[in-house]
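Taking it in order: structure first as structure tokens, then the write-up.
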Amino acid sequence: MSESMHGMWSSRLMFILAAAGSAVGLGNIWRFPYVAGENGGAAFVLAYLVCISLIGVPIMVAEIMLGRAGRKSPINTMQDLTVQSGSRPGWRVVGWMGALAGFMIVSFYAVIAGWAVAYLIEMASGTFNGADGEFAAAKFTSLTSNPWTVVGWHTLFMAMTTFIAARGVGEGLEKTVKYLMPTLFVLLLVLVIWAAVSSGHFMEGLSFLFAFKADQFSTDSVLMAMGQAFFTLSLGMGAIMAYGAYLPKSASIVSSAVTIAGLDTLVALLSGMVIFPIVFANGLEPSAGPGLMFITLPLAFGQMAAGQFFGTLFFVLVVFAAITSAISIIEPAIAWLVEKLDSSRVVAACVVGGAGWLVGIGSALSFNTWSDLTFLPGKTFFDSMDYLANNIMLPIGGVLIAAFTGWALSEKIFNEQLADVSVGVRAVLRVLIRFVAPVSVFFVFLMTVFFS
Ligand code: PFF
């Protein structure tokens with residue numbers, strides 16, 4: 001098939017912006033800095049970079065390839081490709097597991113993104129000007145402890161996401177990333193320059209990210225780094241596969257994947273370079289956990305000259321990044337509903353967005369009414385969704401995608417999709433997809449089971 005029934009990206013650049021839009025999100029700006037902070041900084045960053053290049057890039061190539069070969073939703077793409085390759089029908093589980101992981105992810109994603117919308121408004125109205133630590137912490141608690149406020153912001157964010165998704169691939173997704181992604185890059189650069197010039201602690205921030213300290217390297221950090229690599233690149237659940245289905249035939253998959261992974265990594269590192277200097281400049285703790293972005297940063301912005309302006313810019317950046325990711329999390333399920341029920345895109349988007357919103361209530365309540373309720377041992381609904389999806393389901397999904405592409409997909413399809421690269425590059429990729437990526441994920445799992 002040369003075109004998808006859902007529409008197509010108008011160029012390779014638009015695909016790169018859309019996939020980078022999916023990849024760059026809360027994972028880079030909210031999650032990466034606090035997880036790096038909790039896991040010793042540089043040691044974590046190193047493990048993360050290794051995971052991105054050895055596991056992330058090959059799996060991204062595989063996902064784009066499968067998507068473009070199938071040109072349908074991940075569920076139906078997997079169905080068609082197993083038939084065409086004469087492989088076992090069991091591989092179809094990849095599509096279904098991905099859709100499930102999508103609902104789990106969007107459920108906590110939209111809650112955090114909702115907080116970011118709330119903070120954008122607070123920042124812009126000067127709430128944090130001159131605030132002290134106690135005030136910033138109390139503000140965070142008052143936002144998160146009221147179930148109605150959390151659910152309210154979560155609802156607003158899900159409604160915006162559903163609205164964009166309902167408008168379709170060209171009018172909704174492409175138009176959004178076309179304007180938001182370049183703006184996001186400019187905002188981030190402005191903030192990095194500001195942190196470098198005015199925080200006075202830029203070098204301290206850099207050395208936290210890049211100076212390797214072996215003693216802080218634990219087995220658990222390696223699993224966290226791997227989970228983060230999957231999450232940040234949107235891999236293992238079919239989001240990139242769904243976007244690959246709309247990629248024109250002539251575009252190069254390998255160079256696109258390298259560009260997307262490169263942009264994503266750059267944004268994570270640059271976000272760290274904005275956040276850590278501010279944290280150190282104010283004598284705060286880099287290991288503050290999920291509140292790092294919502295307590296320490298507003299506090300820091302409130303203390304700084306022009307902090308209201310730059311703080312507002314920062315939260316605009318976060319909200320833009322979150323929206324361009326959220327639309328990709330629900331795309332696989334929307335595309336499937338359109339194919340399955342022949343329903344209109346608007347109906348499909350409302351059904352999927354509504355279902356994601358409903359599961360999200362569980363995450364929203366984890367900070368208040370349900371804060372004592374545990375699902376996985378010792379973990380609230382929110383923490384359970386985050387842990388299960390990122391550390392377990394995405395890596396398993398990723399391994400299955402790599403294994404299918406490397407072992408079960410017909411060689412003809414593999415070579416056709418990578419026709420633009422040399423035989424040598426194709427051979428290296430095949431080894432990475434067949435052996436290196438699946439074996440490393442498996443190894444990290446084993447280590448976690450036995451050593452942590
Ligand atoms: N990559 C996104 C982020 O870093 O925020 C999150 C994400 C998007 C995960 C899409 C999974 C996905 F399919």
>> Could you put Thr176, Thr161 in order of accessible surface area, largest first, with the 1.4 Å probe and the full protein assembly present?
In response: Thr176, Thr161
> Given a 1.4 Å probe, how much area per residue of segment 221-375 is accessible, in Å²?
Replying inline: 29 Å²
>> As a test of reading the structure, rank Ser221, Ser2 by solvent-accessible area (1.4 Å probe, protein chains only), most first.
In response: Ser2, Ser221
>> If you roll a 1.4 angstrom probe over the protein chains with everything in place, what fraction of the accessible area of segment 295-438 belongs to carbon and sulfur, to the nearest %?
In response: 71 percent
> Size of the dipole of segment 122-210 about the Cα centre, Lys and Arg at +1 and Asp and Glu at -1 on the beta carbon, nothing else charged, in debye to 20?
Replying inline: 320 debye
> When only DSSP loop residues count, what trypsin sites (Lys or Arg not before Pro) in segment 332-396 have their Cβ near at most 16 other Cβ atoms within 10 Å?
Replying inline: Lys379
> Roughly what would the spin-label model give for Val423 and Val186, points 7 Å off Cα along C-beta, in nm?
Replying inline: 4.8 nm
> Between Ser255 and Leu46, what FRET efficiency comes out of the Förster formula 1/(1 + (r/R0)^6) with R0 = 35 Å and r the beta carbon distance, rounded to 0.05?
Replying inline: 0.85
> Where in the chain are the DSSP H helices whose C-alpha atoms run 27 Å or more along the long axis and whose mean Kyte hydropathy is at least 1.0?
Replying inline: 93-124, 147-166, 175-198, 253-281, 307-341, 345-365
> Ignoring ligands, DNA and RNA, what percent of the 1.4 Å accessible area of segment 26-72 is carbon and sulfur?
Replying inline: 67 percent
> Across all directions of projection, what mean area in square nanometres is found for the Cα convex hull of the chain?
Replying inline: 20.0 nm²
> In deg cm²/dmol, rounded to 500, what helix-only [θ] at 222 nm does the chain give when every DSSP H run of at least 4 residues adds -39500 (n - 2.57) and the total is split over its residues?
Replying inline: -22500 deg cm²/dmol
>> If R₀ is 41 angstrom, what is the calculated FRET efficiency for the pair Ser344 and Ser125, using the beta carbon separation as r and rounding to 0.05?
In response: 0.55
> Over all pairs of distinct alpha carbons, what does the Kirkwood formula give as the hydrodynamic radius of segment 255-395, in Å?
Replying inline: 18.3 Å
> Based on the Cβ-Cβ distance from Leu358 to Ala196, what FRET efficiency comes out when R0 is 35 Å, to the nearest 0.05?
Replying inline: 0.20
> Given a 1.4 Å probe, how much area per residue of segment 1-157 is accessible, in Å²?
Replying inline: 33 Å²
>> Rounded to the nearest 20 debye, what is the charge dipole size of segment 358-428 about its Cα centre when +1 sits on each Lys and Arg Cβ and -1 on each Asp and Glu Cβ?
In response: 100 debye
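The values are calculated or read from the model by the stated rules, or taken from the named source; none is laboratory data. Computed from a predicted model, the values in this text were never measured in an experiment. Glycine gets a Cβ as well: all are built from the backbone with ideal geometry, and neighbour counts include every protein chain shown. All accessible areas refer to the heavy atoms of the entire protein, side chains included, with ligands and DNA or RNA removed. Shrake-Rupley method; radii C 1.70, N 1.55, O 1.52, S 1.80 Å.
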